[in-house]
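Trainee: Pasting a structure here, questions to come.
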Amino acid sequence: MILVLKNLLLLFVLLVSCNGEDRKIYLVLLEGDPIAFHHVKTFSQEGNKLDPNSEASKAYANELTKSHDEFLQSNLERGSYDKIYSFKHIINGVAVHTTPSQIEKLKNAPRVKLLEEDRRVKQMTTYTPQFLGIPAVWTQEGGDKNAGEGIVIGFIDSGINPDHPSFAFFSAGAQTSTTLNESIDILSPFDAVGHGSHVASTAAGNFGVPVVVNGLYYGRASGMAPRARIAVYKAIYPSIGTLSDVLAAIDQAVLDGVDILTLSVGPEEPPEDKLTFLSLFEIFMLAAHKAGTLVVQAAGNEGPSPYTVISYSPWAVGVASCDTDRTYPATLILGNGLKIAGVGLSGATVGDGLMIQYNKLVLAKDAIKINTTLPRIAINNAEECQYPEAFDPLVVQDSVVICTFSAGFYNGTSTLTAIIQTAIVLRFKAFVFVANPTYGDFIAEPIPFATPAIMIPATTDTQNILQYYEKETVRDTNGLVVRYGGRAGISEGRNASYKGRAPIVSRFSSRGPDYIDQSKNPTDVLKPDILAPGHQIWAAWSPMSVLDPILSGHNFALMSGTSMATPHIAGVAAMIKQYNPSWTPSMIASAISTTASTYDNLGEPIMAHGFDLYTLHTSAPFGFGAGLVNPSRALHPGLVFSAGYEDYISFLCSLPNIDSRIVKTATGGICGQLFENPSDLNLPSITITSLNGSRKVHRTVRNVERKAETYLSAVLPPKGVAVNIEPSWFIIAPQGTQDLHIMFNVTQALDDFTFGEIVLTGSLNHVVKMPLSIFPICTT
């Protein structure tokens, strides 16, 4: 079922005030309850879904909208502003387009709690159901026809392609911030980019949809929860994405009753003047959690450096990306028999029959027209194969042409799309895109080429190719080629191989530790939370593909990013919610975390890609969180760690040097009972950023199974830290709770974080794991 939500477009005229100030969008948080919490005054009522169609809700919504208008009219000069949005469902506030001098009047105005300038946001992009063991979960849920039934997953993204077989608006901020391009910034739910369609179909696309690209069948694609309903909120446009549009979409999504909210988008950087936890983006997610919606968020694509996660808060699930064991190997075969591995989704160079055909090998810069009057840029970039008119067609036709990564690709002005166009126009037999020793190795991702082609991303392989080429090529005294003696062919590169180590934390996947401010001071929260497949994921795509012309015309795309990992977790969460409809967001998040695996398919600790290309090192929780999601085990976790809104307020109030008035202003919560340390928040992990001597940490678990169970406690201690857990064993009744007390003592001061694990093993085969990330700085 498709639930595409359309909003009336607010059309604004971009004005400049008389004093010449440029307008900007500002987000203003106001005093007073939003609709969702207007009548929710007790903790026991938290998470109840509101009825937006009730007369009381409608009347209060009108009251809030009127109050917003009166607030702006009474504080700003007439004609100096435009109201972009009234936030009223989970947050009480407005987005307003005005000048800096006008916004100064609001800073000390009555009712203003928080004021923040709008920020830009960005997007973070078949086989994975089998890789994660999803069919086993489908069996428990009555098969793929029922998986996710009755659960609504919301997607805030670039829209959707509603005609795509994988499926049965907010634009005011974007329109105000820039002049939209009508040909690509389509003011409807339609996805002109492809990103939104990809994300939605990964989580909840139909079962068994054939993936066909360039006429080749790549198998069948299925969403994680094929029967979940989807609600799509278009808030990202090809030209721009604004935080105000995203916040408006979150506000509407929660009002509409979505169970899971998928955010494969987010601010480009942390807030400048406040704690990461207290930006309006984080506050909106906290409000969504309070209203009973689980928020699943991309961790970011700035890895492998540490302190790069952009998912900060404990009330949202931050998702990291990993590779699966599926690859698409391709091979360049030289005339001397040397085989060089490469990357490229393309067919082989074949002649009559199915045998690989070896054709003349030509280095692009050797095929440039002599005495040409072409522009200098065409000549200078000839080795990159960007301009067909630069080449002698008689030389390159039916040849395997070597195109080289050079200055144009390094500065972003050259494209693979242009190489493909050159190859088609001049009728190359194939092209080989090679690394350049001047610029080093590059990262190559499988791309569906419309002509036989292969990418060779390692400079050592390039040197072998060029050595063979020069040996077989005859030149005159001026260095011009008089005979091309080299030959080469390309093997089929579209057949999947399922070999090797997996999962591996993707190189681009952002790493922890989590941090509390723009100075990146670490905080006692584990980020990312969980690991899911996000590298080379097949899913639905928009044939417009305005930002990726190389994918234009395709209904499917093979994409990578934590954007692609996030919907895997959203789909898994939907199935858990279907199986356990009374569970709160934190219970679902706990089940996903405590049942994850930290070992790969070879039985060894999960590895990660590092700074050096094509090298691996042992990963840690700051790379994979709790580990790779295990959907089958997550349905029956045994025990869960639960936390609610009041717990998160206590966490915020326990942060070092925090001003309780700031917490109250931002969240509306009152600092009542504080934790001894922020690490006492009841999370399914323990992170201590500064362990000085010793610390006792508290946790509470709940038995969510139908039988009593006996658990034994065990610890794999981090280096330099002694860990003791009490009780060492316990019996817990169905729906019963058990307090755990964990004592940490520094035995050796270290200069970085060290990692370990607590394991609770149940007599009914439940295994509950809790990662430990500790920085021991001083012994007692």
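Read the figures in this text as sums done on the coordinates, not as results from a lab. Everything quoted here is computed from the prediction, not taken from an experiment. All Cβ positions, glycine included, derive from the backbone under ideal geometry; neighbour counts span all protein chains shown.
Trainee: Dipole magnitude of segment 675-780 about its Cα centre, charges +1 at Lys/Arg Cβ and -1 at Asp/Glu Cβ only, in debye to the nearest 20?
Mentor: Charge dipole of segment 675-780: 220 debye, to the nearest 20.
Trainee: Could you give the radius of gyration (one decimal) and Dmax (whole number) of the Cα atoms in segment 266-355, in Å?
Mentor: 23.0, 67
Trainee: If packing is taken as the average count of other Cβ atoms within 10 Å, what order do 402-411, 529-538, 266-275, 571-580 fall into, highest mean first? Numbers along the way, then the final one.
Mentor: Working: 402-411: 19.5, 529-538: 28.8, 266-275: 17.1, 571-580: 26.1.
Listed from highest to lowest mean packing, they are 529-538, 571-580, 402-411, 266-275.
Trainee: While we're on this one: Please compute, over every Cα-Cα pair in segment 505-602, the percentage with a separation greater than 17 angstrom.
Mentor: On the way: 3131 of 4753 pairs.
For segment 505-602, the share of Cα pairs beyond 17 Å comes to 66 percent.
Trainee: Find the eigenvalues of the gyration tensor of the Cα atoms of segment 445-550, then list the square roots of 5 times those eigenvalues as equivalent ellipsoid semi-axes, largest first, in whole angstrom.
Mentor: After diagonalising the Cα gyration tensor, the semi-axes are 43, 21, 16 Å.
Trainee: For segment 534-691, what are Rg and Dmax over the alpha carbons, in angstrom?
Mentor: Values for segment 534-691 (Cα only, Rg and Dmax): 20.1, 58 Å.
Trainee: Considering the Cα trace of segment 380-521, what is its radius of gyration and what is Dmax, both in angstroms?
Mentor: Answer for segment 380-521, Rg first and Dmax second: 18.9, 66 Å.
Trainee: Applying a 10 Å radius around every beta-carbon, put 585-593, 744-752, 255-263, 474-482 in order of their mean neighbour count, most first.
Mentor: 585-593, 255-263, 744-752, 474-482
Trainee: Something else: Taking the Cα atoms of segment 63-111, what is the range of coordinates along each of the three principal axes, in descending order and whole Å?
Mentor: 29, 20, 15
Trainee: So, one more: How many percent of all Cα-Cα pairs in segment 631-693 sit more than 16 Å apart? Mind dumping the intermediate values first?
Mentor: On the way: 1048 of 1953 pairs.
Across segment 631-693, Cα pairs with separations above 16 Å total 54 percent.
Trainee: Say R0 is 35 Å: what FRET efficiency, to the nearest 0.05, do A708 and M743 get from their beta-carbon distance?
Mentor: My answer for the efficiency is 0.85.
Trainee: Continuing with the same structure: Relative to 2.2 N^0.38 Å, what does the C-alpha radius of gyration of segment 549-631 come to as a ratio? Two decimals please.
Mentor: Details: Rg = 16.3 Å, N = 83, 2.2 N^0.38 = 11.8 Å.
The value comes to 1.38.
Trainee: What does the highest-first list of 687-698, 450-461 look like by mean Cβ count within 10 Å? List each step's numbers first, then the result.
Mentor: On the way: 687-698: 18.2, 450-461: 21.6.
Ranked by mean Cβ neighbours within 10 Å, highest first: 450-461, 687-698.
Trainee: Dividing the Cα radius of gyration by the Kirkwood radius, what Rg/Rh value follows for segment 385-432? Mind showing how you got there, number by number?
Mentor: Details: Rg = 10.4 Å, Rh = 10.8 Å.
Rounded to two decimals, Rg over Rh is 0.96.
Trainee: Assuming 0.36 nm per residue, please report the length gained on full extension of the stretch T761 to I443 beyond their Cα-Cα distance.
Mentor: Length gained, T761 through I443: 110.3 nm.
Trainee: Would segment 629-780 count as rounded, prolate or oblate if I go by the C-alpha gyration tensor, calling it rounded below 1.5 in a/c and otherwise prolate when a/b exceeds b/c, oblate otherwise?
Mentor: Here segment 629-780 falls in the oblate category.
Trainee: For labels at N108 and N478 in the simple 7 Å Cα→Cβ model, what's the distance in nm?
Mentor: 8.0 nm
Trainee: Next question. Looking at S563, W538, N521, which one has the Cα that reaches farthest to the positive end of the dipole of segment 490-598 (charges on Cβ: Lys, Arg +1; Asp, Glu -1)?
Mentor: Checked the options; the winner is W538.
Trainee: Between S497 and T327, what is 0.36 nm times their sequence separation minus the Cα-Cα distance? Round to one decimal in nm.
Mentor: In short, 60.7 nm is gained.
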